[in-house]
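Contents: one structure, followed by commentary.
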Amino acid sequence: MTEGERTLAVFIDFENLALGFRGKKDKRFEIRKVLERLVEKGKIIVKKAYADWANFAEYKRVLHEAAIELIEIPKRAVSGKNSADIRLCVDSLDLCYSKEHIDTFVIVSGDSDFSPLVSKLKENGKHVIGLGMKESSSHLLIDNCDEFIYYEDLERPSGTPPAIEQDLPEQKKEAFQLLVDSVVALIRENKEVLWASMVKETMKRKKPSFNESYHGYRTFSDLLQDAEDKGIIRLRTDARSGTYVVVGFGKEKKKEEKEEPKETKERIVLKERKIQKPRWRPRTRKPIAKSPAAGPGAETTVAPESQSVESMPPEPAPSVPAASGTGSSEPEPVK
């Protein structure tokens, strides 16, 4: 059992459901729809149904095939009016105290008599889900449950998942249909991030015999990639773990996601061009004025613009040659 997965115990008050279907000849109670909806919540561990099965013999085979334990309740004339309700409450509370790993209880009934049972289960930290017919369910029970599911809502399609191509092999169509149903179930349960492992766990709960190798894929990631190539789902790769995450159906938005990084890249390039420094240009040089001590034939030197004339060091004065015939270096007096 993975972390965060709920464990469910399902208790069915079948007589109450039979009252809800009374007078509706075109409709029959289908336990398959109920279980398919509940496996989306988590792993079902306990399944029990309470009724006088002599009056509901046509349902016994279907319930046995769904691995539901049928609890026989004698006729009301012998055992009293609320014998099924009392037995259901006793079994629920016994399971609540003895099996701590069961954290979710499902009461399939609309009878308001189960409202105290719901309160006691919530008092012990259990999550309680109710399920019943819209017309025959009491508002007192509906408001007391953490969550209530109407049976009529199980027959309505949720959303418009993409159509699967009919020319695909039968094995691939079966895998893709199970994949779509599992993604729809996770979206319905308000899961924020649809990890690939989470999708596979839901597929295994819906169909325990599922195996990607039977459908022609080496790994589950190959199945997801093929479904994306066929335009059924859209994927992205998580930056940290490197695993796939399902982000939606179809492939129309996938093109927009591919174009967005391209536009971002163009913006970065334009920004870099704006920040680029201009090219180096040679600076003009100013001529340096002639020194008064220099002779008439001295060449004019050019100094760079960054250095001014005042900052140039002064040139040394030319030395006067000594007079001929005298060994003294002192100048002659003026006559």
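Report the residue count in the stretch 243-252 for those that are farther than 17 Å from Ala185 by Cα and modelled with pLDDT of 85 or more.
The number of residues fulfilling the criteria is 2.
Out of Pro157, Pro116, Pro74, which single residue is loosely packed, with under 12 Cβ neighbours inside 10 Å, over 18 Å from Val46 (Cα atoms), out of contact with any Phe, Trp or Tyr (no Cβ under 6 Å at 6 or more places or on another chain) and at pLDDT below 85? So that I can check it myself, show each step before the final result.
Details: Pro116 fails: at pLDDT below 85; Pro74 fails: loosely packed, with under 12 Cβ neighbours inside 10 Å.
After applying the criteria, what remains is Pro157.
Condition (residue is more than 21 Å from the chain's Cα centre (by Cα), closer than 19 Å to Gln177 by Cβ and modelled with pLDDT of 60 or more) applied to the stretch 200-208: is it met by at least one residue?
yes
Of all residues being basic (Lys, Arg) and surrounded by fewer than 18 Cβ atoms within 10 Å (Cβ to Cβ) in the stretch 172-199, which is farthest from Val247 (Cα to Cα)? Just the residue, please. First the steps, then the outcome.
Of the stretch 172-199, the ones basic (Lys, Arg) are 172-173, 188, 191.
Now narrow it down to the ones that are surrounded by fewer than 18 Cβ atoms within 10 Å (Cβ to Cβ): 173, 188, 191.
Details: Lys173: 21, Arg188: 14, Lys191: 11 Å.
Ranking the qualifying residues of the stretch 172-199, first place goes to Lys173.
Pairs under 8 Å by beta carbon, first residue farther than 24 Å from Leu19 by Cβ and in the same structural domain as Arg37 (by TED's automatic domain parsing) in the stretch 119-145, partner part of a loop (DSSP other than H, G, I, E, B) and among the acidic types (Asp, Glu), six or more apart or different chains?
If the second residue must be part of a loop (DSSP other than H, G, I, E, B) and among the acidic types (Asp, Glu), the pairs left are Lys122/Asp146; Gly125/Asp103; Lys126/Asp103; His127/Asp103; His127/Asp146.
Quick one: which of Ala196, Ala185 is outside the structural domain of Val39 (by TED's automatic domain parsing), at pLDDT below 85 and of a type in the set (Gly, Ala, Ser)? Before the answer, list the steps.
On the way: Ala196 fails: at pLDDT below 85.
The match here is Ala185.
Please return the ranges of helices (runs of 4 or more DSSP H) entirely within the stretch 94-208 where 3 or more residues are more than 21 Å from Gln225 (Cβ to Cβ). Quick ask: steps written out before the conclusion?
Values: elements: 115-123, 139-144, 170-188, 196-206.
Helices (runs of 4 or more DSSP H) meeting the threshold: 115-123, 139-144.
So in the stretch 202-225, with the set limited to residues that are surrounded by fewer than 19 Cβ atoms within 10 Å (Cβ to Cβ), charged (D, E, K, R) and out of contact with any Asp or Glu (no Cβ under 7 Å at 6 or more places or on another chain), which one is farthest from Leu154 (Cα to Cα)?
Only one residue fits best here, namely Arg218.
Among the residues of the stretch 85-113, which ones are surrounded by 22 or more Cβ atoms within 10 Å (Cβ to Cβ) and of a type in the set (Val, Ile, Thr)?
Thr104, Val106, Ile107, Val108
For the stretch 209-244, what are the residues that are more than 14 Å from the chain's Cα centre (by Cα) and at positive phi?
Our first condition is that a residue be more than 14 Å from the chain's Cα centre (by Cα); within the stretch 209-244, this holds for 209-232.
The answer is Gly216, Gly231.
The values are calculated or read from the model by the stated rules, or taken from the named source; none is laboratory data. This is a predicted model, so every value here is computed, not measured. As a convention, Cβ positions derive from the backbone with ideal geometry for all residues, glycine included, and neighbour counts pool all protein chains shown.
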